[in-house]
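Input: a single structure, listed below in structure tokens.
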Amino acid sequence: MEKERWGSRIGVILAVAGSAVGLGNFLRFPGQAAMNGGGAFLLPYFISLLVLGIPLCWAEWTMGRYAGVRGFNSAPGVFTVIWRHPLAKYLGGIALIVPLVIYMYYVLIESWCLAYALNYATGDLMREAGQGEYQKFFDEHVGMAENGAALVKDGGQWVVVLAATFLFNFVLIYRGVAKGIETFCRVAMPLMLVLALIVLVRVLTLDPHPDHPDQSVLNGLGFMWNPQPEKLASPGTWLAASGQIFFSLSVGFGIIINYASYLSQKDDVVLSGLTSSSMNEFFEVCLGGLITIPAAFVFIGVVQPEFLQSSFKLGFVALPNVFASMWGGQLFGFLWFLMLFIAAITSSVSMLQPVIAFLEEGFGLKRHASAAILGLISALGSGFVLYFSKDLVALDTFDFWVSTVLIFVLAMVQAFLYGWVLGIDRGQEEAHRGAHIRIPRFVQYMLKYVVPVYLLAIFIGFCWQDLPSRDIEKFQTDSSHMATDRDQRLSGHLLALLKANDVAPPDEHTVVADPNRPGEWRIKDANGRTTHVLVRDGGQLSVRQHKAGKVEGILASDAALMSVLFIVAVLVFLMLLIHIAGRRWKAQGRFDNLDALPEVQR
Amino acid sequence: MNWLWNSIAQAIPAAALLAQSPPKQPADYALTPLGWTIMIVSVGCVLSLVIYCLVRVLSLPPIEDEHLKGPLEIDTGDTEDAD
């Protein structure tokens, strides 16, 4: 089988940048920055970029090319080339499951962007401004109310859009690395830039809100960029900044290592890696940082934390309100969602390539056979996420356990392989083969000592923050206010007191005394989930908001539990395939005399 | 003064509302000189980096030309046996 190659230097850079630039650049970054100190957030953000992001990118580029010239493109093969140990290929399995499972739900979000763009094109989304209208549209569209609702929405029109998006991805991947991915990215990336610049100019020239002159673009920029230095004292800010860099640059996805494996021995990896990273930063800081929040601010005023925390609410509820109110909103809404769709598809197509590469080199399959098998597996996963749409539980579960937990695990494995197995001396020598700029020596020491520790610290921080449930104190009042009516609902007086203190229990709720903890009551919603906790301590009644951890989330929801089991099933299936592929490689002697291959010696 | 408000809030539950700082209004977010500086420096640094990288990449010769060797670089392999 003829080895695939990138067609040009700029082509691979655009493909890697396209893989990194996604919805997170335009929706997640602005929300994280505004919530975690505004301009002050940029300090830990850029430190993380320099210490964690760019060095890890270079390591992935270097390892990918190193194994690529020795005949391997898939992560199980790449890891085994670097670490000749039977365990290595199974560790490489993480670099297959991460992009595969992310693709399963990411393609769904991508189809939402396309559906929104189409609805703007037809004018269906130009509705009366108001959070309720667009929230309702989004909820109905994604099937938030009940499982399976998205399948029948508008006679299955949304499923058709999903199928078209899915098919488009597979057409690109079927055409191969150079003719499919590279050709598409060479058009898509400049187009995305033009669309983003058009929207940016429109946002920066917006007039203040006619009824609220203080809601101006300048004040919106102030909301986004004015520093709150006190936030730097909070570990959460540093955690959020590191996480944003990590997810944004696509390190630990298994994609860069695969893309770099299609380079030749003399192709540059250092300048290419830096260029693709800086392109991603351009879309994130220069465009995402100037568009999303100022636009939302002009039309809805101070952006509430519920919007900043949720990319979906910001992108699919807040911004349609903005377009509904602005001159030319239909056109700019269409351009915005078309841009998001392009950003998403350049990312999603990159998620398919690592598994395609594995099926081809692990089993000697032709492109059509490997694409068909991958299509079947990923369609099963996307169908699973599409069906279990209630409260987006399946999507959230996939996102957390794969896009947060497994990505960190994979990044730590890669840092270990580069720093401690390949070694920083050999790593530097390999990186500098054909390089047009040099990596400073201290970066190699950072990769060996600082990056693994930094990654571990962030990983522990994320687990500490997200896994356990916790009750957050909202306010205290006199315990004599504690009262419920005969239906076990909060008394009218207590309910009014809670609402006056910005605590909003669900309309349909019950108050249940905790049998294990005397003096504690749990406010539960219609689904039986705890939303708030009331604790009597002496003469005080403490009102706390209950934040369910991921572990409680799995145990409390059948859909979440099934989602985790689905991920485990995919992982086991992939490990089985890797085991079989490993036996084939061994029988073929693929790992013998790797350094004697003509390409390596050239 | 916070201690005073907190004491009153503990004594009179209804005063808890007053103890909280009032929510910020859009007018409170006017872009400050420090905000301007951070925005310009951040955007400027990223823009400079991406322009530098792109200029470097785009000014390189095509890969196929880069890998061609000139006559003086070609190692014919016969120098060791010259004697």
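The values are calculated or read from the model by the stated rules, or taken from the named source; none is laboratory data. The shown structure was predicted, so the numbers you read here are calculated from the model rather than taken from an experiment. Using ideal geometry, Cβ is built from the backbone for each residue, glycine included, and neighbour counts are taken over all protein chains shown.
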Original post:
Across the range A:348-393, which residue is farthest from A:Ala587 (Cα to Cα) among those that are aromatic (Phe, Trp, Tyr) and part of a helix (DSSP H, G or I)?
Top reply: A:Tyr387
**OP:** All but one of (1) part of a helix (DSSP H, G or I); (2) within 14 Å of chain B (Cβ to nearest Cβ); (3) free of Cβ contacts under 8 Å to residues at least 12 places away in the same chain hold for A:Gly156, so report the exception by its number.
**Re:** (2)
Original post:
In this structure, does A:His436 turn out to be within 14 Å of chain B (Cβ to nearest Cβ), exposed (fewer than 15 other Cβ atoms within 10 Å of the Cβ) and not polar (S, T, N, Q)?
Top reply: no
**OP:** State whether one or more residues within the range A:175-188 are of a type outside the set (A, V, I, L, M, F, W, C), surrounded by 24 or more Cβ atoms within 10 Å (Cβ to Cβ) and closer than 30 Å to A:Ala295 by Cβ.
**Re:** no
**OP:** Go through the residues of the range A:151-161 one by one and say whether even a single one is in contact with a Ser or Thr (Cβ under 6 Å, 6 or more places away or on another chain) and of a type in the set (Gly, Ala, Ser).
**Re:** no
Original post:
Restricted to the range A:322-347, and to residues that are part of a helix (DSSP H, G or I) and small (Gly, Ala, Ser), which residue is surrounded by the fewest Cβ atoms within 10 Å (Cβ to Cβ)?
Top reply: A:Ser325
Original post:
How about the range A:480-495: which of its residues are within 11 Å of another protein chain (Cβ to nearest Cβ) and exposed (fewer than 11 other Cβ atoms within 10 Å of the Cβ)?
Top reply: A:Ser480, A:His493
Subject >> Scan of the range A:472-512 for residues that are free of Cβ contacts under 8 Å to residues at least 24 places away in the same chain, of a type in the set (D, E, K, R) and either in a helix (DSSP H, G or I) or farther than 23 Å from A:Lys547 by Cβ (or both), ordered by number >> reply: A:Asp485, A:Arg486, A:Asp487, A:Lys499
Original post:
Of the residues A:Leu380, A:Leu340, A:Leu319, A:Leu352, which single one is more than 30 Å from A:Leu555 (Cβ to Cβ), among the aliphatic types (A, V, I, L, M) and over 18 Å from the mean Cα position of the chain (by Cα)?
Top reply: A:Leu319
Subject >> Filtered residues of the range A:8-31 (kept if more than 21 Å from A:Asp268 (Cα to Cα) and within 14 Å of chain B (Cβ to nearest Cβ)) >> reply: A:Val21, A:Asn25, A:Phe29, A:Pro30
Subject >> Pair list, Cβ < 7 Å and 6+ apart or interchain, from the range A:33-51 residues that are more than 9 Å from every other protein chain (Cβ to nearest Cβ) and crowded, with 21+ Cβ neighbours inside 10 Å to residues that are of a type outside the set (Ser, Thr, Tyr) and outside any helix (DSSP H, G or I) >> reply: A:Ala34/A:Val303; A:Gly37/A:Pro227; A:Gly37/A:Gln228
Original post:
Does the range A:247-272 hold any residues that are surrounded by fewer than 24 Cβ atoms within 10 Å (Cβ to Cβ) and closer than 26 Å to A:Ser311 by Cβ, and which are they?
Top reply: A:Phe247
Original post:
Going by the structure shown, is A:Leu319 surrounded by 23 or more Cβ atoms within 10 Å (Cβ to Cβ), closer than 27 Å to A:Val142 by Cβ, free of Cβ contacts under 8 Å to residues at least 40 places away in the same chain and touching a helix residue (DSSP H, G or I) at 6+ places or on another chain (Cβ under 7 Å)?
Top reply: yes
Original post:
Residues A:Thr275, A:Thr292: which one is buried (at least 24 other Cβ atoms within 10 Å of the Cβ) and at pLDDT 95 or above?
Top reply: A:Thr275
Original post:
For the range A:263-286, what are the residues that are over 18 Å from the mean Cα position of the chain (by Cα) and either part of a loop (DSSP other than H, G, I, E, B) or more than 9 Å from chain B (Cβ to nearest Cβ) (or both)?
Top reply: A:Leu263, A:Ser264, A:Gln265, A:Lys266, A:Asp267, A:Asp268, A:Val269, A:Val270, A:Gly273
Original post:
With A:Ala164, A:Ala196 as the choices, which residue is touching a residue at least 12 places away in the same chain (Cβ under 8 Å), over 30 Å from A:Tyr45 (Cβ atoms) and of a type in the set (Gly, Ala, Ser)?
Top reply: A:Ala164
Original post:
In the range A:532-545, is there at least one residue being part of a helix (DSSP H, G or I), acidic (Asp, Glu) and modelled with pLDDT under 90?
Top reply: no
Original post:
Is there a residue in the range A:99-122 that is in contact (Cβ under 8 Å) with a residue 60 or more places away in the chain, within 14 Å of another protein chain (Cβ to nearest Cβ) and either within 26 Å of the chain's Cα centre (by Cα) or crowded, with 24+ Cβ neighbours inside 10 Å (or both)?
Top reply: no
Original post:
Taking interchain pairs and intrachain pairs at least six residues apart, which have beta carbon atoms under 6 angstrom, with the first residue in the range A:430-453 and within 22 Å of A:Gly68 (Cβ to Cβ) and the second surrounded by fewer than 20 Cβ atoms within 10 Å (Cβ to Cβ) and charged (D, E, K, R)?
Top reply: A:Gly434/A:Lys266
**OP:** With respect to A:Val317, determine if the residue is outside any helix (DSSP H, G or I), of a type in the set (A, V, I, L, M) and more than 30 Å from A:Gly434 (Cα to Cα).
**Re:** no
Subject >> Close pairs from the range A:207-235: first within 8 Å of another protein chain (Cβ to nearest Cβ), partner crowded, with 16+ Cβ neighbours inside 10 Å and hydroxyl-bearing (Ser, Thr, Tyr), Cβ under 6 Å, at least 6 apart >> reply: A:Asn219/B:Tyr29; A:Gly222/B:Tyr29; A:Phe223/B:Tyr29
**OP:** Just give me the residues in the range A:248-262 being among the polar types (S, T, N, Q) and in a loop (DSSP other than H, G, I, E, B), in sequence order.
**Re:** A:Ser250, A:Ser261
Original post:
Looking at the range B:53-64, which of the residues that are assigned to a helix (DSSP H, G or I) and within 8 Å of chain A (Cβ to nearest Cβ) is surrounded by the fewest Cβ atoms within 10 Å (Cβ to Cβ)?
Top reply: B:Leu58
**OP:** Return yes or no: is A:Gln309 within 28 Å of A:Ala115 (Cβ to Cβ), surrounded by fewer than 24 Cβ atoms within 10 Å (Cβ to Cβ) and touching a Gly at 6+ places or on another chain (Cβ under 7 Å)?
**Re:** yes
Original post:
Which number in (1) at pLDDT below 95; (2) at the interface with chain A (Cβ under 9 Å from one of its Cβ atoms) marks the one condition that B:Val43 misses?
Top reply: (1)
